[in-house]
Each structure stands twice: as structure tokens, then as C-alpha cells.
Amino acid sequence: MTSLRLLDLSGNQFSGYFPFLIISNLTNIESLFLSSNELQGMISLCVFANLSRLSELDISFNHLEVETEMMSPSCFPSFKLSTLSLGGCNVKKISPWMLHNITSELWLSGNNLTGLFSSNFQNITSKLTLVDISDNFLHGTLPEDINLNFPEPRHLGLSNNSFNGNLPIFFSELLQMLDLSDNQFHGGIPHGMTSNMSCLLYLRLFGNNLTGDLFPKNSSLPNLRGLYLNNKHLSETFPYALSKSMELGIIDIRNNDLSGELSSYLPVLPKLKVLVLDRNRFEGKILMQICQMRDLSILDLSKNDLSGDIPDYVGNVTSWNSDTLLFLNGIDVSCNRLTGKIPSK
């Protein structure tokens, strides 16, 4: 096995203690994937120190407890990883070594990381393109300019921690996925988050305490594909800025304080598959624009203040009929003020 360059045993039911002896003999290994098994034990990253060609390491989601500190110079690895995945490994500390020696992706979700963001990333500038520290116990505020820590990320996942304060103002223009959901952020959505990020594909801010307008004026997210903003306190009408986001496939802005006549503001988004607007204060009639969104599969307008009849054209949308009926998974218009007959088609 010493000549192996790639070993992928992920997603099985291998059990027992971590195979230290076998791993240490894989002297030519470049990619090692052992995630989602039943391996157990406490291990140090020192066990991989002599694997000089190792570039990708994924031991996430076993029953391991991984020590990330390099206590001895002899343990300091001779490789530079491009990807390190330690999700669900009971990691308790982010080692500076990890931020300096990993060149591309660092996955640390579902661990026992604690403390302030500033204490974990103090004086650190990392060229990582993916950072995921979601589902941990980190707290405190984020720096106003998070670019100082991560100037080149494509993916930044900080969800399900206890971060608070205002949202950062400045993010990398290269960012494609930003997930700050399920924290304790308050205040408004900063202009810098929605105006200078032309590469952004997914924006997830739900589960916070944000207030003010849904989007600041002059917002522009032309490549946005997924928007998740369930926050309870965001207001204004349906954001006009989304009329420029023609790639949108998912809009979930439920449970806010949005109002106004929906038919006046909702643009026709040709790739939209999921539209969830429940628990707002939208009024007026069910909009004709729905008929022109041929990929729509989930529509939730419940718990608003919509009125009038359910128009016949809801039953005549081409993509919701005959052979393509299966694409529509659900329509919910409950708890409004709709009247008249239910369309027969």
C-alpha cells in the first residue's frame, strides 16, 4: 500500500480505533478520505507529520477527538495541505498552524470551538478560499472588515454560533457563499454586503435579529441563486433589487414585516423554483407573474393579507399541468382573505 496516492474509504461503517500504523505507512499518499465512518479514539495531527505528499485530508464525522496543536517541532508536518476536513471531530482550538499551512479549504463545523472570533483569528491573514466554522460555540462580534482575516474566500460559513453585534461591512468581492445564519446579529444589512459582491451566489442571514430595510438602496446581486432572510424584523416592500437577480432559484423571506401590494413589486424570475413569503403583511391579489415562472415548484403565500379570488390562471400554468404536475410540490395560501371558488383545473 506504500505506493497509494489516493485512498477513499468514506461513507462506510468501518469501526474500531483509528488505524495509526496503516496510515503512517502510506508514504506516497496525496488524498486520504476516511469521513463518515465509526472510527474512534483520540488522535493528534502528528500522526500525519511524515506524509510529505499529503494534500487532502478528511477524517470528519467519525467518533474521534482530534488534537490540532503541534506540541513538538518534530510533529510539525512537512506537507502543506490544500484541504483539511475535521467536521465533528471534537476539535477545541483553531491552531495557527492550520491557518498558515492550509492553502485552500478548512472545514471545522460541528466541533467544540469556543471563545471570541478575535482571539481565534487575531493577527491572522489567511488565503483560504473556504472556511467553515459553523455549528460551534464561538461568540462575540466580527471585525468590521473581515477581509483583513480572509481576503480571498469563496465560501464563508459561520452559522449556528453565538456571534452578535452588527454584521461586517466589508467582504471579499470573490465571495460566492455567505452563511451567517442562526446567530445573534442585530442592526441592518450593510450596503457593502449587497452592492459590491457580484460573485455572490447564496446569502443566508436567517435566524438573527436584523432590522430595517430588507436590502439597502442601490443593492445589486446579479448572480444570486439563493436568498434566505427569515429574520422577523426586516421591513419594506418586496425588494426591487431582486429584479436584477435573474439567476435566483430560491427566495425565502418568510416571517418578516414586509408589506405592500405583492403584484406591484414581484419581478418575473425565470429560474425561480421556491418562493416562500409566509408570515408577512403582503396585500392585494395573487399575482399574475406566478404564471410566467415555469420552474416554480413551491409557493407559500400563507399568513399574509392577500384578498380577492384565487384566479383561474393558477390552475392553468403550463408547468403545473398534465405530465409536469409532479414538479409542483406545494401551494400554501392559507390564512389570507381570499374569496370565491377554488379553481377546478
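The values are calculated or read from the model by the stated rules, or taken from the named source; none is laboratory data. In this text, all values refer to a predicted model and were calculated from it rather than measured experimentally. Note that we place each Cβ from the backbone using ideal geometry, even for glycine, and neighbour counts take in every protein chain shown.
Checking ASN37 against (1) crowded, with 16+ Cβ neighbours inside 10 Å; (2) touching a residue at least 40 places away in the same chain (Cβ under 8 Å): exactly one of these is not met. Which one?
Of the numbered conditions (1) crowded, with 16+ Cβ neighbours inside 10 Å; (2) touching a residue at least 40 places away in the same chain (Cβ under 8 Å), the odd one out for ASN37 is (2).
Give the residue that is surrounded by the most Cβ atoms within 10 Å (Cβ to Cβ), with candidates limited to residues of segment 121-141 that are in contact with a strand residue (DSSP E or B) (Cβ under 6 Å, 6 or more places away or on another chain) and over 15 Å from SER95 (Cα atoms).
Applying the filter and picking the extreme gives SER134.
Can you tell me which of LEU224, LEU200, LEU178 is at pLDDT 90 or above, buried (at least 22 other Cβ atoms within 10 Å of the Cβ) and outside any loop (DSSP other than H, G, I, E, B)?
Criteria check complete, one pass: LEU178.
I'd like the full set of residues that are crowded, with 21+ Cβ neighbours inside 10 Å and more than 28 Å from GLY115 (Cβ to Cβ), limited to segment 181-196.
Result: THR194, single match.
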